[in-house]
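A.B. asks: Attaching a single structure in structure tokens format; questions to follow.
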């Protein structure tokens, strides 16, 4: 399930319709005004839902109000940023706790379709530049010791989180381990529960902060 946060304009309606038709999905709309004015809404989103945020209409006061609003109405939902500027830096993405995808103003519908499909399959969708910046950032935070919780993971879960920490997609992990993508997804689901991660990014952070470099090699 997808919910688009945007303004109530003809342009945003066209955007919603275009996304629905091109991606073959149903998308609800949550007005930006509802968040800024802290309105109560009757919107119950499953934990595996995606909140798509139209960054072209976001104002300075949005983020702090959004985080409070999200905590109250849809704390587990994952976030996709749409219509981002090319100059976007990875540090600004730290503000989004459940981020799984970033799309730019000049991205084509084909790119959106490919990216959304990847996200629905449990992967993240970031530009190569952002992905490299993330890797460099977390490499600097690499720990020299391994958390005891790592030893409590199954052998397969340990293999998967090591590949995930290197930026591998579900497809790549499946190929390396000679298993199906569905098997990888099942292990990731169990793994996330054990390390209290809501998504791949949080699992990546956990791996970098709790698994030694020696283990990850």
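A.B. asks: What's the exposure ranking of 205, 160, going from fewest to most Cβ atoms within 10 Å? Write down the numbers at each step before the final one.
C.D. replies: Working: 205 17, 160 26.
Ascending number of Cβ neighbours within 10 Å: 205, 160.
A.B. asks: Residue separation times 0.36 nm, minus the C-alpha to C-alpha distance between residue 166 and residue 87: what's the value?
C.D. replies: Values: separation 79, 0.36 × 79 = 28.44 nm, distance 2.46 nm.
Here the segment from residue 166 to residue 87 would lengthen by 26.0 nm.
A.B. asks: Next question. Assuming 0.36 nm per residue, please report the length gained on full extension of the stretch residue 21 to residue 104 beyond their Cα-Cα distance.
C.D. replies: Working: separation 83, 0.36 × 83 = 29.88 nm, distance 1.92 nm.
Separation in residues times 0.36 nm, less the Cα-Cα distance, equals 28.0 nm.
A.B. asks: Then there's this: What 222 nm value per residue comes from the helices of the chain, counting each DSSP H run with n ≥ 4 as -39,500 (n - 2.57) and dividing by all residues, nearest 500 deg cm²/dmol? The partial results should precede the final answer.
C.D. replies: Working: 12 runs with 113 residues, N = 217.
Mean residue ellipticity at 222 nm (helix-derived): -15000 deg cm²/dmol.
A.B. asks: Please give the helix 62-73 orientation as an angle from the longest Cα principal axis of the chain, in degrees from 0 to 90, rounded to the nearest 10.
C.D. replies: The two axes meet at around 80 degrees.
A.B. asks: Assuming R0 = 35 Å, can you tell me the calculated FRET efficiency for the pair residue 14 and residue 181, based on Cβ-Cβ distance, to the nearest 0.05? Can you show the working numbers first?
C.D. replies: Values: r = 34 Å, r/R0 = 0.97.
Step by step, r from the Cβ atoms, then E = 0.55.
A.B. asks: First measure r as the distance between the Cβ atoms of residue 65 and residue 209, then evaluate 1/(1 + (r/R0)^6) with R0 = 22 Å and state the FRET efficiency to the nearest 0.05.
C.D. replies: Numbers: r = 29 Å, r/R0 = 1.33.
With a Förster radius of 22 Å, E is 0.15.
A.B. asks: Let me ask something else. Using a 10 Å cut-off around each Cβ, can you sort 107, 54, 48 from fewest to most neighbouring Cβ atoms?
C.D. replies: Working: 107 16, 54 20, 48 11.
In increasing order of surrounding Cβ atoms, one gets 48, 107, 54.
A.B. asks: Let me ask something additional. What is the fewest-to-most order of 152, 114 by other Cβ atoms lying within 10 Å of their Cβ?
C.D. replies: Fewest to most other Cβ atoms nearby, the residues stand as 152, 114.
A.B. asks: Just grab the label-to-label distance for residue 95 and residue 31, each label 7 Å out from Cα along the Cβ direction, in nm (one decimal).
C.D. replies: 2.3 nm
A.B. asks: If you project the alpha carbons of region 147-214 onto the principal axes, what extent comes out on each, in Å, largest first?
C.D. replies: Here the spans come out as 28, 23, 21 Å, largest first.
A.B. asks: With each pseudo-label sitting 7 Å past Cα toward Cβ, what's the residue 132-residue 76 distance in nm, one decimal?
C.D. replies: Simple spin-label model gives 3.7 nm for this pair.
A.B. asks: For region 1-139, what's the radius of gyration and Dmax over Cα atoms, in angstrom?
C.D. replies: When restricted to the Cα atoms of region 1-139, Rg and Dmax are 14.5, 44 Å.
A short reminder: the numbers here are calculations on the coordinates, not readings from a lab. None of these values were measured; they are calculated from a predicted model. Please note: Cβ atoms are built from the backbone with ideal geometry, for glycine as well, and neighbour counts cover all protein chains shown.
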